[in-house]
């Protein structure tokens, strides 16, 4: 069983319980558009992540205070904040998401393995502006239904892909924010060449490309910015940094146009 299959098996059980116990309350706030904010910027935008642990790296920063971390990210110039809310594998909670929403005036991404509409309702209730849909985790019909459902809630959707087939599915949705994950979710190996290869097939004028995983040093940020990525998602590097602001600002490079 791959890492992804293990996570999804656990997530299906969680969703079944959630559907029996969670009561959706209509969100009153208007979501902040990550798409609009990022399109207005010329520098590479950082989606700074709050992540206590991961299956590949184990415990990273178990004592983080999400609101405090998010405020540091915002002050340092992050374009958005991502919050891991999966508990079994990443040690995150929905309360982390709510705390971050209260702390910053930035788009907030609910980073989780979304399989059902009830998770989108919950994300909106807790203050998310953006949700993640992972193409590798969903049948195409499910992907389409969840995408349209999130859009009906005025949420932005980061559609994550890792290969050409998944990219075609994302483009068929009309996704305007595509996350290219350099990490293979089956093996957890990282290869920045994935972004360099797939971005050539994307019209980056109208589509935001976010490069995910492997952004530990400025040279890697420059590498994906050079081929047209508009943003990067950075987690472990910032969660381990002794000087968070300096680490984040070192990754804010100019967006290039080499294709």
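Report the full-extension gain for the segment residue 20 to residue 200: residue separation times 0.36 nm, less the Cα-Cα distance, to one decimal in nm. Please list the in-between numbers first.
Details: separation 180, 0.36 × 180 = 64.80 nm, distance 4.39 nm.
Length difference between fully extended and current span is 60.4 nm.
For residue 95 and residue 154 in the same chain, what is the full-extension length gain: residue separation times 0.36 nm, less their Cα-Cα distance, in nm? The partial results should precede the final answer.
On the way: separation 59, 0.36 × 59 = 21.24 nm, distance 2.16 nm.
That works out to 19.1 nm of additional length.
Ranked from highest to lowest mean number of other Cβ atoms within 10 Å per residue, what is the order of the peptides 199-208, 225-234, 175-184?
Values: 199-208: 14.6, 225-234: 24.2, 175-184: 22.4.
My ranking of the peptides, most packed first, is 225-234, 175-184, 199-208.
Only bridges whose two residues both fall in the chain count here: according to DSSP, what percent of them are antiparallel, nearest 5? All intermediate terms of the calculation are to be shown ahead of the outcome.
Numbers: 4 of 34 bridges.
Around 10 percent antiparallel, to the nearest 5.
In which sequence would 195, 13 go, from the one with the fewest C-beta neighbours within 10 Å to the one with the most? Write down the numbers at each step before the final one.
Working: 195 26, 13 11.
Arranged by neighbour count, lowest to highest, 195, 13 become 13, 195.
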Computed [θ] at 222 nm, deg cm²/dmol, the chain (DSSP H ≥ 4; -39,500 (n - 2.57); rounded to nearest 500): -11500 deg cm²/dmol
What is the spin-label model distance, in nm, from residue 105 to residue 176 if the labels are put 7 Å beyond Cα along the C-beta direction? 2.3 nm
Could you check the simple spin-label distance between residue 63 and residue 42, using points 7 Å along Cα→Cβ, in nm with one decimal? 4.2 nm
Using per-residue counts of other Cβ atoms within 10 Å, averaged over each peptide, order 52-62, 87-97 from highest down. 87-97, 52-62
Need one number: nm distance between label points at residue 29 and residue 56, each 7 Å from Cα along Cα→Cβ, rounded to one decimal. 3.0 nm
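What is the mean projected area of the alpha carbon convex hull for region 1-155, to one decimal in square nanometres? Let's see the in-between values first.
Working: hull surface 38.5 nm².
The directionally averaged projection comes out at 9.6 nm².
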So if I take the centroid of the Cα atoms in region 2-30 and the same for region 190-259, what is the distance between those two points in Å? 29 Å
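For residue 191 and residue 1 in one chain, what is 0.36 nm times their gap in residues minus the Cα-Cα distance, to one decimal in nm?
Working: separation 190, 0.36 × 190 = 68.40 nm, distance 2.18 nm.
Gain in length upon complete extension: 66.2 nm.
Using the Cα atoms as the points, what is the convex hull volume per residue of region 66-181 in Å³? Numbers along the way, then the final one.
On the way: hull volume 11.9 nm³, N = 116.
It is 102 Å³ per residue.
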Determine the equivalent ellipsoid of region 54-132 by diagonalising the alpha-carbon gyration tensor, then write out the semi-axes as square roots of 5 times the eigenvalues, largest first, rounded to whole Å. 19, 17, 10
Determine one quarter of the surface area of the Cα convex hull of region 165-259, which equals its mean projected area, and express it in nm² to one decimal. 6.3 nm²
Those residues of region 116-133 whose amide nitrogen sits under 14 Å from the label point placed on residue 142, 7 Å along Cα→Cβ: 116-120, 133
For the chain, the Kirkwood Rh over every pair of distinct alpha carbons, in Å, works out to 18.1 Å
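Every read-out reported here was derived from the displayed coordinates using simple, explicitly stated rules and does not represent laboratory data. Bear in mind that the values here come from a model prediction, so they are computed numbers and not experimental data. Using ideal geometry, Cβ is built from the backbone for each residue, glycine included, and neighbour counts are taken over all protein chains shown.
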